[in-house]
Amino acid sequence: MTDLSLIGIGTGNPDHLTFQGAAAMRAADLILIPRKGVDKADLADLRREICARVLPPAGPEIVEFDLPVRDAAAPYLDGVADWHDAVAAAWSAAMTSRGPAPGRVALLIWGDPSLYDSSLRIAARLSPAPRIRVVPGITALQALTAAHAIPLNDLGAPVLVTTGRRLRAGGWPECADRLAVMLDGGMAFRSLPPAGVTIWWGAYLGMAEEILRHGPLADMAEEIAAVRAEARARHGWIMDSYLLARAAG
Ligand SMILES: C[S@@+](CC[C@H](N)C(=O)[O-])C[C@H]1O[C@@H](n2cnc3c(N)ncnc32)[C@H](O)[C@@H]1O
């Protein structure tokens with residue numbers, strides 16, 4: 001039976017990798033590295049750097065493979081389901097590219113596999129089913145709160161983790177006074193009434209390029225929009241996350 005380890009590698013700083021993650025990498029027979037063509041945001045270089053730092057010279061074999069592209073024209077959930085099927089097929093092909101019995105295979109997962117990551121859903125599509133092991137990694141939210149040196153939650157209070165798409169479509173959800181927002185390519189914070197809201201924003205968290213801003217949303221929204229646009233243009237890609245807090249209702 002194939003063993004598949006999904007190893008969280010953190011959000012861009014090779015030092016985010018845990019000792020447990022490094023040990024799981026060294027114990028693998030095969031490490032798969034996905035590529036997204038010329039897209040700089042595939043961060044394959046970071047995965048290569050982590051492998052170079054952690055693996056001994058005669059370590060596991062490294063196989064790079066091209067990730068299929070998601071059909072952005074299809075309805076979101078249908079498009080994602082088809083894409084997951086295609087990614088599972090690409091994983092299978094990469095896993096068996098060196099022989100029919102791949103043994104212990106490792107995939108290096110951005111952040112942690114549990115948070116806005118479909119690796120576990122894709123792994124569940126593999127046939128024959130491998131034995132799956134998860135090694136936790138530092139998430140973008142941990143990198144964000146650490147960078148700002150803030151707690152995620154207010155005293156005894158809930159935090160809702162959501163996406164830019166949902167925040168834009170539904171406004172501020174009633175169930176929490178703190179929101180952690182990820183996967184927001186469109187700066188959904190600008191769609192909110194800013195009065196009484198504080199934002200802690202971070203881009204390229206954990207990386208040399210890290211940018212942080214925080215303050216009242218009313219003062220910061222346009223500055224963050226400008227900084228974000230400039231950084232995105234300069235680097236060719238951006239990943240950002242933010243925490244919003246409003247006075248308890
Ligand atoms: C597909 S999700 C992956 C999340 C990841 N599994 C985790 O544990 O953080 C991608 C989103 O994570 C956030 N993200 C990941 N890396 C980041 C970074 N270095 N800086 C800021 N946000 C990041 C962004 O909101 C981005 O849109």
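The values are calculated or read from the model by the stated rules, or taken from the named source; none is laboratory data. The shown structure was predicted, so the numbers you read here are calculated from the model rather than taken from an experiment. A quick note on method: Cβ atoms are made from the backbone with ideal geometry, for glycine too, and the neighbour counts reach across all protein chains shown. Protein only, heavy atoms only, side chains kept; ligands, DNA and RNA dropped before computing areas. Shrake-Rupley method; radii C 1.70, N 1.55, O 1.52, S 1.80 Å.
Considering segment 81-126 alone, what residues qualify as being outside any loop (DSSP other than H, G, I, E, B), open to solvent by 20 Å² or more (accessible area, probe 1.4 Å) and in contact with a helix residue (DSSP H, G or I) (Cβ under 8 Å, 6 or more places away or on another chain)? The one that is outside any loop (DSSP other than H, G, I, E, B), open to solvent by 20 Å² or more (accessible area, probe 1.4 Å) and in contact with a helix residue (DSSP H, G or I) (Cβ under 8 Å, 6 or more places away or on another chain): R121.
Residues are listed down the side, and each one gets a yes or a no for (1) more than 21 Å from the chain's Cα centre (by Cα); (2) in contact (Cβ under 8 Å) with a residue 60 or more places away in the chain:
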position	(1), (2)
G185	no, no
T198	yes, no
A203	no, no
G206	no, yes
E210	no, yes
H214	yes, yes
D219	yes, no
H235	no, yes
M239	no, yes
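Number of residues in segment 124-142 that are closer than 21 Å to P34 by Cβ and either touching a Leu at 6+ places or on another chain (Cβ under 6 Å) or near the ligand (Cβ under 7 Å from one of its atoms) (or both): the value is 6.
For W172, the stated conditions do not hold, so it cannot be described as touching a residue at least 40 places away in the same chain (Cβ under 8 Å), within 16 Å of the ligand (Cβ to nearest atom) and aromatic (F, W, Y).
Under 8 Å between Cβ atoms, which residue pairs at least 6 apart in sequence (or on different chains) link something in segment 48-69 that is at positive phi with a partner that is at pLDDT below 95? Sorted first by the residue in segment 48-69, then by its partner, the list stays empty.
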